[in-house]
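The values are calculated or read from the model by the stated rules, or taken from the named source; none is laboratory data. Remember, predicted model here, so these are calculated numbers, not experimental data. Every residue, glycine as well, gets a Cβ built from its backbone with ideal geometry; the counts of neighbours run over all protein chains shown.
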Amino acid sequence: MATLDAKIPKGPLKDKWTNHKNNINLVNPANKRLIDVIVVGTGLAGGSAAATLAELGYNVKAFCFQDSPRRAHSIAAQGGINAAKNYQGDGDSIYRLFYDTVKGGDYRSREANVYRLAEVSANIIDQCVAQGVPFAREYGGLLDNRSFGGVLVSRTFYAKGQTGQQLLLGAYSAMNRQIGRGKIKMYNRHEMMDVVKVDGKARGIIARNLVTGEIERHGAHAVVIASGGYGNIFFLSTNAMGSNASAAWKIHKKGAYFANPCFTQIHPTCIPVSGELQAKLTLMSESLRNDGRIWVPKKKEDVEAIRAGKLRPTQIKEEDRDYYLERRYPAFGNLVPRDVASRAAKERCDAGYGVNQTGEAVYLDFSSAITRYGKEAAHVKGLNENDNALVQKLGKEVVANKYGNLFQMYEKIVDENPYETPMMIYPAVHYTMGGIWVDYNLMTTVPGLYAIGEANFSDHGANRLGASALMQGLADGYFVLPYTIGDYLSNDIRTGAIPTDTKEFDEAEKEVVDRLEKLINNEGTKPVDHFHKRLGKIMWNKCGMARNEKDLKSAIEEIKALREEFWKDVRVPGTRNEFNEELAKAGRVADFLELGELFAKDALERTESCGGHFREESQTEEGEAKRDDENFKYVAAWEYKGEPSDAVLHKEDLVYENIELKTRSYK
Amino acid sequence: MNLTLKIWRQKDANSKGKMVDYQISDISGDMSFLEMLDVLNNQLIEKGEEPIAFDHDCREGICGMCSLYINGEAHGPDRGVTTCQLHMRKFKDGDTIYIEPFRAKAFPVVKDLAVDRSAFDRIQHAGGYVSVNTSGNTQDANAIPVQKENADMAFDAATCIGCGACVATCKNSSAMLFVGAKVSQYALLPQGEVEAKERVQNMVKQMDAEGFGNCSNTGACEVECPKGISLENIARMNREYLKATTSTKD
């Protein structure tokens with residue numbers, strides 16, 4: 001059994017990373033040419049890691065299931081990326097970013113990792129600008145910032161509502177340069193099917209070419225998993241259709257511990273569910289909460305009139321609106337962290353104030369912002385500030401400039417104009433803080449096997465702050481992993497290329513092929529989606545925004561039963577030797593059906609509420625989450641032992657030397 | 001609504017394809033076009049038939065993976081959207097809808113409606129980057145101010161999602177809008193200036209090698225581009241190319 005040693009360097013917090021870098025082993029440039037590294041996933045974490053490792057001189061093989069690395073779902077991140085630059089002079093600092101992140105994560109993340117993240121955050125912005133990432137700028141030519149939930153400073157850099165796209169294209173461009181040089185060999189439309197271990201170390205992967213169905217063996221001295229999160233376990237989420245947990249789950253089954261699987265982020269501002277045949281949900285960036293005010297009607301009769309289509313939200317008088325976030329959390333208002341905002345929306349909707357047919361929607365209203373910006377613009381231009389039509393026109397221009405693409409996206413989906421009528425929003429699954437357990441070096445419990453970005457558990461605790469996912473992905477990929485991996489690889493300079501004609505590769509390949517054959521020849525009656533949707537419903541209803549012992553116990557039983565039914569009755573058409581999207585999907589859903597059970601087990605075990613994990617049994621009189629530091633100040637790292645129900649819990653105690661644990665308050 | 005679908009079926013790159021008819025009923029206007037295809041596929045699977053292969057991923061109009069040619073238009077009849085953002089409310093009961101892959105010599109069919117757009121990647125390998133290594137000490141991000149106007153134009157060019165609608169739409173299968181957008185993004189920023197000359201030449205050379213046609217200024221690409229990438233980017237690329245090939249010294 002591997003021990004849970006987080007390998008946190010000694011010394012004062014602010015010197016740990018520098019000292020660590022000074023003390024770890026390096027691989028000399030000539031020897032790097034003799035070392036191969038596999039990177040699975042090409043989003044912000046995987047793309048930036050692949051590029052940087054190749055720049056350093058390693059031979060990189062990168063894999064993505066999409067038709068190009070540029071499609072990875074990091075591309076859909078909208079709002080921005082945090083960095084402790086303090087360009088606005090509003091008192092930001094590395095410490096403050098560190099503090100906000102630990103507090104925002106409800107004191108369930110590792111101090112040393114988060115401090116390092118804050119420390120390298122500024123380098124990320126410098127690096128991206130040097131690559132030609134077109135961040136938003138002010139008229140003076142310098143970079144602009146906006147603010148995000150859970151903080152009191154403006155530290156978020158952005159590129160309209162397409163920050164993830166621009167950062168990913170930056171990492172993709174860095175990859176392209178290395179692909180052009182031959183230092184990265186790119187495998188598009190390939191899926192990682194399993195990791196191969198030799199003498200206990202990760203030494204390669206089995207991959208499937210998704211176009212031909214061919215099974216391939218790839219050897220390497222180290223394997224990096226950057227395959228993102230597992231939000232699609234809920235079927236409906238803001239993740240891409242192909243986003244999956246399979247790479248992470250496969251390495252878990254080969255010895256990598258899975259940490260805090262129940263820590264899921266339900267994002268407060270998504271477009272509400274419209275129908276049973278819907279395939280995915282769309283996020284409306286948190287940045288909208290800078291200018292949008294969230295409300296529901298105060299009176300039940302107004303709610304009913306709205307649902308019946310007899311009343312429009314714009315007809316409801318100001319005094320009849322309940323701006324419930326501003327009411328409950330005056331200090332942070334609409335900019336409370338995501339978990340708090342989501343629960344507050346659920347509370348109002350559960351109380352019967354939801355504003356659409358399903359009763360699961362609240363308003364996000366821009367009318368105040370449009371008026372405010374319009375007046376300001378009229379003033380600047382020397383025009384009449386009291387001309388309402390003019391003010392509205394100018395205000396809408398400002399809002400369009402800030403959020404134009406988001407408004408357009410909303411209008412296309414909902415068929416309503418959000419400049420004229422408030423948006424309707426509701427929380428949806430968005431991000432998973434839990435993931436593969438890694439130490440300070442981002443290595444899993446399997447030597448030579450690393451996990452970075454959303455795939456690992458490391459930096460966000462029980463709740464991630466807005467604009468921090470992009471920061472973590474790029475920090476891991478550009479600035480952390482490329483250093484720490486050298487320490488491990490320095491022992492491999494004389495190993496030579498890893499052969500793939502060995503019994504370890506034979507066995508791993510056979511296992512992969514057997515499972516594919518089993519799926520193809522199952523001859524059941526129902527398509528994969530049928531099972532995925534049912535799993536999603538169990539997860540959403542029983543492991544969603546509020547959880548309790550009874551529901552979690554029944555979720556475990558239901559998922560187990562569903563898994564058995566899946567293997568009996570799933571129908572996968574076609575053969576395994578061709579482009580077969582259903583076969584790929586079937587493998588992913590089979591893994592979700594195992595991970596789901598571990599998820600519920602973890603949620604059951606953690607009887608406290610913290611961050612995105614809300615146990616109904618553990619709340620204050622006002623309905624706020626009640627943490628239990630005495631019993632749960634740890635990372636829950638699960639070891640695979642066969643069935644998910646047999647998983648063994650290992651605890652990594654979280655030590656806070658630089659931050660005092662407090663009850664999180666945004667009031 | 002009830003619809004007749006005429007869909008391109010092709011087993012793989014080497015097989016011959018043909019249009020096949022399908023009927024589908026009870027489609028709601030709030031469904032997206034791809035959700036409609038999901039319903040059809042699940043029906044086909046339950047009937048023991050092979051589902052239709054098509055590319056898609058983010059389903060929110062940003063990854064650029066979806067690529068259907070619907071009723072003779074890339075990404076279908078709506079403007080400023082990708083196929084995944086197209087909603088069925090744009091169609092009416094009883095309609096017949098033709099669904100084909102993005103067609104171009106440089107985009108061979110993988111299967112049914114999925115095509116191989118790796119030619120776009122190879123153009124980017126040839127020069128779609130700034131040659132800067134990752135280090136913790138590039139100069140401060142605010143060391144070089146960039147005029148807001150230029151930064152905004154660079155951003156607009158950079159919002160290209162690489163879907164290939166421009167190529168599928170163009171009668172010459174030209175990739176000039178795609179390449180022009182990338183060249184423009186860097187041409188408008190000081191960071192891209194250093195390598196501007198080589199970049200445009202290398203990217204254009206690769207574009208030609210991939211078998212994309214030339215631009216004859218019909219402007220169809222701009223109309224069909226889901227992100228509204230402007231034709232000005234093609235003009236800027238032509239200027240950059242001219243500058244690079246006619247100046248005698250670096």
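If the condition is being among the small types (Gly, Ala, Ser), assigned to a loop (DSSP other than H, G, I, E, B) and touching a Ser or Thr at 6+ places or on another chain (Cβ under 6 Å), then segment A:588-644 contributes A:SER609, A:GLY612, A:SER618. B:TYR186 falls short of the stated requirement of being in a helix (DSSP H, G or I) and farther than 30 Å from A:GLN78 by Cβ.
The set of residues from segment A:556-587 being assigned to a helix (DSSP H, G or I) and not charged (D, E, K, R) comprises A:ILE556, A:ILE559, A:ALA561, A:LEU562, A:PHE566, A:TRP567, A:LEU583, A:ALA584, A:ALA586, A:GLY587.
Residues that are away from chain A (no Cβ under 12 Å), surrounded by fewer than 18 Cβ atoms within 10 Å (Cβ to Cβ) and not hydrophobic (A, V, I, L, M, F, W, C), at least 3 per element: which strands (runs of 3 or more DSSP E) completely within segment B:1-90 meet that?
On the way: elements: B:3-9, B:18-24, B:68-70.
Result: B:3-9, B:18-24.
Evaluate segment A:230-240: report whether one residue or more is surrounded by fewer than 24 Cβ atoms within 10 Å (Cβ to Cβ) and farther than 30 Å from A:LEU210 by Cβ. Checked segment A:230-240: no residue is surrounded by fewer than 24 Cβ atoms within 10 Å (Cβ to Cβ) and farther than 30 Å from A:LEU210 by Cβ. Pull out all pairs, ordered by first then second residue, where Cβ-Cβ is under 8 Å, the residues are six or more apart or on different chains, the first lies in segment A:245-268 and is surrounded by fewer than 24 Cβ atoms within 10 Å (Cβ to Cβ), and the second is in a loop (DSSP other than H, G, I, E, B) and aliphatic (A, V, I, L, M). Listed pairs, sorted by first residue: A:LYS254/A:VAL446; A:GLY255/A:ALA2; A:GLY255/A:VAL446. The numbered conditions (1) under 18 Å from the mean Cα position of the chain (by Cα); (2) closer than 20 Å to B:THR159 by Cβ; (3) of a type outside the set (Ser, Thr, Tyr) are all true for A:ARG110 except (2).
Taken over segment A:245-296, residues that are touching a Gly at 6+ places or on another chain (Cβ under 6 Å) and within 11 Å of chain B (Cβ to nearest Cβ) amount to 0.
From the list A:PRO499, A:PRO527, exactly one residue is more than 28 Å from A:ASN456 (Cβ to Cβ) and crowded, with 23+ Cβ neighbours inside 10 Å. Which is it?
So the residue among A:PRO499, A:PRO527 that is more than 28 Å from A:ASN456 (Cβ to Cβ) and crowded, with 23+ Cβ neighbours inside 10 Å is A:PRO527.
Among (1) over 19 Å from A:LYS160 (Cα atoms); (2) touching an Asp or Glu at 6+ places or on another chain (Cβ under 8 Å), there is one condition A:LEU283 misses while meeting the rest; what is its number? Failed condition: (1). Filter segment B:141-150 down to residues that are in a helix (DSSP H, G or I) and either more than 7 Å from every other protein chain (Cβ to nearest Cβ) or under 18 Å from A:ILE124 (Cβ atoms) (or both) and give me whichever is nearest to the chain's Cα centre (by Cα). My answer is B:ASN150. Annotation note: Cβ proximity below 6 Å between a residue of segment A:306-331 that is farther than 30 Å from A:LEU152 by Cβ and a residue that is assigned to a helix (DSSP H, G or I) (sequence gap 6+ or interchain) occurs for A:LEU311/A:ALA305; A:ILE316/A:ASP302. Restricting attention to segment B:194-213, does a residue exist that is outside any helix (DSSP H, G or I), modelled with pLDDT of 95 or more and touching a strand residue (DSSP E or B) at 6+ places or on another chain (Cβ under 8 Å)? The answer is yes; a qualifying residue exists. Only residues that are surrounded by fewer than 21 Cβ atoms within 10 Å (Cβ to Cβ) and in a loop (DSSP other than H, G, I, E, B) were counted across segment A:283-304, and they come to 3.
Does segment A:217-224 contain at least one residue that is part of a loop (DSSP other than H, G, I, E, B) and within 14 Å of the chain's Cα centre (by Cα)?
Taking every residue of segment A:217-224 in turn, none turns out to be part of a loop (DSSP other than H, G, I, E, B) and within 14 Å of the chain's Cα centre (by Cα).
Against the list (1) in contact (Cβ under 8 Å) with a residue 60 or more places away in the chain; (2) out of contact with any helix residue (DSSP H, G or I) (no Cβ under 9 Å at 6 or more places or on another chain); (3) of a type outside the set (A, V, I, L, M, F, W, C), the condition A:ASP591 fails is (2). In segment A:184-203, the residue that is farthest from A:VAL39 (Cα to Cα) out of those that are in contact with a helix residue (DSSP H, G or I) (Cβ under 6 Å, 6 or more places away or on another chain), more than 11 Å from chain B (Cβ to nearest Cβ) and among the aliphatic types (A, V, I, L, M) is A:VAL198.
Can you say whether A:ASP487 is closer than 30 Å to A:VAL223 by Cβ, of a type in the set (Asp, Glu), surrounded by fewer than 20 Cβ atoms within 10 Å (Cβ to Cβ) and touching a Leu at 6+ places or on another chain (Cβ under 9 Å), as far as the supplied structure shows? Even if it seems obvious, please write down each step before you answer.
Numbers: closer than 30 Å to A:VAL223 by Cβ: yes; of a type in the set (Asp, Glu): yes; surrounded by fewer than 20 Cβ atoms within 10 Å (Cβ to Cβ): yes; touching a Leu at 6+ places or on another chain (Cβ under 9 Å): yes.
Considered against the rule, which asks whether it is closer than 30 Å to A:VAL223 by Cβ, of a type in the set (Asp, Glu), surrounded by fewer than 20 Cβ atoms within 10 Å (Cβ to Cβ) and touching a Leu at 6+ places or on another chain (Cβ under 9 Å), A:ASP487 comes out as yes.
Whenever a residue of segment A:219-232 is under 16 Å from A:PHE65 (Cα atoms) and touching a residue at least 40 places away in the same chain (Cβ under 8 Å), its partners that are in a loop (DSSP other than H, G, I, E, B) and β-branched (Val, Ile, Thr), lying with C-beta atoms within less than 9 angstrom and at least six residues away or across chains, give the pairs A:VAL224/A:ILE452; A:ILE225/A:THR444; A:ILE225/A:ILE452; A:ALA226/A:THR42; A:ALA226/A:ILE452.
A residue that is without any contact (Cβ under 8 Å) to a residue 40 or more places away in the chain and outside any helix (DSSP H, G or I) occurs nowhere in segment A:526-547. Annotation for segment A:167-183: at least one member residue is closer than 23 Å to A:MET284 by Cβ, more than 8 Å from every other protein chain (Cβ to nearest Cβ) and at pLDDT 95 or above.
Taking A:GLU216 and the conditions (1) within 14 Å of chain B (Cβ to nearest Cβ); (2) free of Cβ contacts under 8 Å to residues at least 40 places away in the same chain, which numbered condition does it fall short on, given that it satisfies the others? For A:GLU216, the failing item is (1).
Can you go through A:GLU138, A:GLU119 and tell me which one is more than 8 Å from every other protein chain (Cβ to nearest Cβ) and of a type in the set (D, E, K, R)?
On the way: A:GLU138 fails: more than 8 Å from every other protein chain (Cβ to nearest Cβ).
After applying the criteria, what remains is A:GLU119.
Residue by residue, here is whether (1) surrounded by fewer than 24 Cβ atoms within 10 Å (Cβ to Cβ); (2) in contact with a Leu (Cβ under 9 Å, 6 or more places away or on another chain) holds:
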| residue | (1), (2) |
| --- | --- |
| A:SER147 | yes, yes |
| A:VAL153 | yes, yes |
| A:GLN162 | no, no |
| A:ALA174 | no, no |
| A:ILE184 | no, yes |
| A:HIS190 | yes, yes |
| A:MET193 | yes, yes |
| A:VAL223 | no, yes |
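In segment A:360-393, the qualifying residues are those that are free of Cβ contacts under 8 Å to residues at least 24 places away in the same chain, among the small types (Gly, Ala, Ser) and surrounded by fewer than 17 Cβ atoms within 10 Å (Cβ to Cβ), and the one that is farthest from A:GLY309 (Cα to Cα) is A:GLY382.
Does any residue of segment B:154-163 turn out to be more than 16 Å from the chain's Cα centre (by Cα), crowded, with 17+ Cβ neighbours inside 10 Å and not assigned by TED's automatic domain parsing to the domain that holds B:ASP26? Yes - at least one qualifying residue is present in segment B:154-163.
Determine, yes or no, whether A:PHE632 is of a type in the set (Phe, Trp, Tyr) and within 24 Å of the chain's Cα centre (by Cα).
Working: of a type in the set (Phe, Trp, Tyr): yes; within 24 Å of the chain's Cα centre (by Cα): yes.
For A:PHE632, the condition - of a type in the set (Phe, Trp, Tyr) and within 24 Å of the chain's Cα centre (by Cα) - is met.
Inspection of segment B:130-139 finds no residue satisfying the criterion of being outside the structural domain of B:THR218 (by TED's automatic domain parsing) and either surrounded by 21 or more Cβ atoms within 10 Å (Cβ to Cβ) or among the polar types (S, T, N, Q) (or both).
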